[in-house]
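Trainee: Structure in structure tokens, see below.
Throughout, read-outs are computed from the coordinates displayed, never taken from laboratory work. All figures in this text were calculated on a predicted structure; none of them were measured in a lab. Reconstructed Cβ throughout: ideal geometry from the backbone, glycine too, with neighbour counts over all protein chains shown.
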Amino acid sequence: MTDLVRAHPRLLRQSIREGRHTGPTAGLSRGWAQANLVVLPRDFLEDFLLYALRNPIPCPVIDVTDPGDPEPRLAAPGADLRRDLGRYNVFRDGQLTEVVDHLDDLWTAEMVGVLLGCSYTFERALADGGIPLRHVETGRVVPMYDTNIATRSAGPFSGPVVVTMRPVPTPLVSRAVQISGRYGMAHGAPIHVGDPAVIGISDLDAPEDGDPPDVREGEVPVFWACGVTSQRALLAARPPLAMTHVPAWMFVTDLLDEDLATGIPLQPVAGGGRGRTRESDG
């Protein structure tokens, strides 16, 4: 695990593709941006992209593949979205029907992959700023909740905003807001701080996805928009077939975290991240 914390994304994706790493990706390839994945038929793409455009905080678009092509040529040239995430949800007619470890048999010439920003991207900056990341410390999956906040619909796509929650010591909340707010393409600043009931969450110990949180004395719940919002929208749109990552099993891109703060490069660069490297490149 230590090696994967510092590994270049290419090495992490190879480990996932070969079945050597099968777990979540929080805290891995530190310094490199992570992403949500939605795969859907090209006939649904225009409405989905309009949905993302109308809801840029939970659904910031990083890259879109060509129909039938599983390679995200901007975010991670040479990667394969069919194999490089390790665990995928499969939706048929708006129902989650199965979880699979690859999409080789499901990715047809009509399928398009869309990568959306993920809050894991700014977690290195939070940690460097002294913000505790309890789910990383304890090896758990960050909790995710449906809220009473409605997204703006587009065509058949609609649904609630989904949020992640990280407990933050009260004196550090403003710092967490400032740090994460820089990463506009990874959900940016929190959308709510404090009482979960205000956004329709009745029980913090019963998240829709992820693990129950460990909120300690002196900490306040802090909620960020989450790309799993797109999965709720798929339930409403009911495409005949669609696939996504399983929450917390993200796609790790060749873009740097900072690229999602300062703007994604217009052209891919060998080595990723505008040609810059981390100390973890080896």
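Trainee: Tell me, which residue of segment 77-91 that is assigned to a loop (DSSP other than H, G, I, E, B) and under 15 Å from the mean Cα position of the chain (by Cα) is farthest from L28 (Cα to Cα)? Let's see the steps before the verdict.
Mentor: Of the residues in segment 77-91, the ones assigned to a loop (DSSP other than H, G, I, E, B) are 77-87.
After this cut, where a residue has to be under 15 Å from the mean Cα position of the chain (by Cα) as well, the list is 81, 84-87.
On the way: L81: 18, D84: 14, L85: 13, G86: 14, R87: 16 Å.
Checked segment 77-91; the qualifying residue farthest from L28 (Cα to Cα) is L81.
Trainee: Being free of Cβ contacts under 8 Å to residues at least 12 places away in the same chain and assigned to a helix (DSSP H, G or I) is the filter here, so list the residues in segment 107-147 that pass it.
Mentor: A127, D128, E137
Trainee: In segment 148-165, which residues are in contact with a helix residue (DSSP H, G or I) (Cβ under 7 Å, 6 or more places away or on another chain), without any contact (Cβ under 8 Å) to a residue 60 or more places away in the chain and either within 19 Å of P60 (Cα to Cα) or not polar (S, T, N, Q) (or both)?
Mentor: I149
Trainee: What's the total number of residues in segment 21-59 that are assigned to a loop (DSSP other than H, G, I, E, B) and either more than 25 Å from L4 (Cβ to Cβ) or aromatic (F, W, Y) (or both)?
Mentor: Going through segment 21-59 one residue at a time, the tally reaches 5.
Trainee: Residue by residue through segment 40-59, note down the ones that are under 24 Å from R83 (Cα atoms) and either crowded, with 24+ Cβ neighbours inside 10 Å or of a type in the set (D, E, K, R) (or both).
Mentor: Listed by number, the residues that qualify are L40, R42, D43, F48, C59.
Trainee: Name every residue in segment 140-153 that is touching a Pro at 6+ places or on another chain (Cβ under 9 Å) and of a type outside the set (V, I, T), in order of residue number.
Mentor: Within segment 140-153, R140, P143, M144, Y145, D146, N148, A150 meet the criteria.
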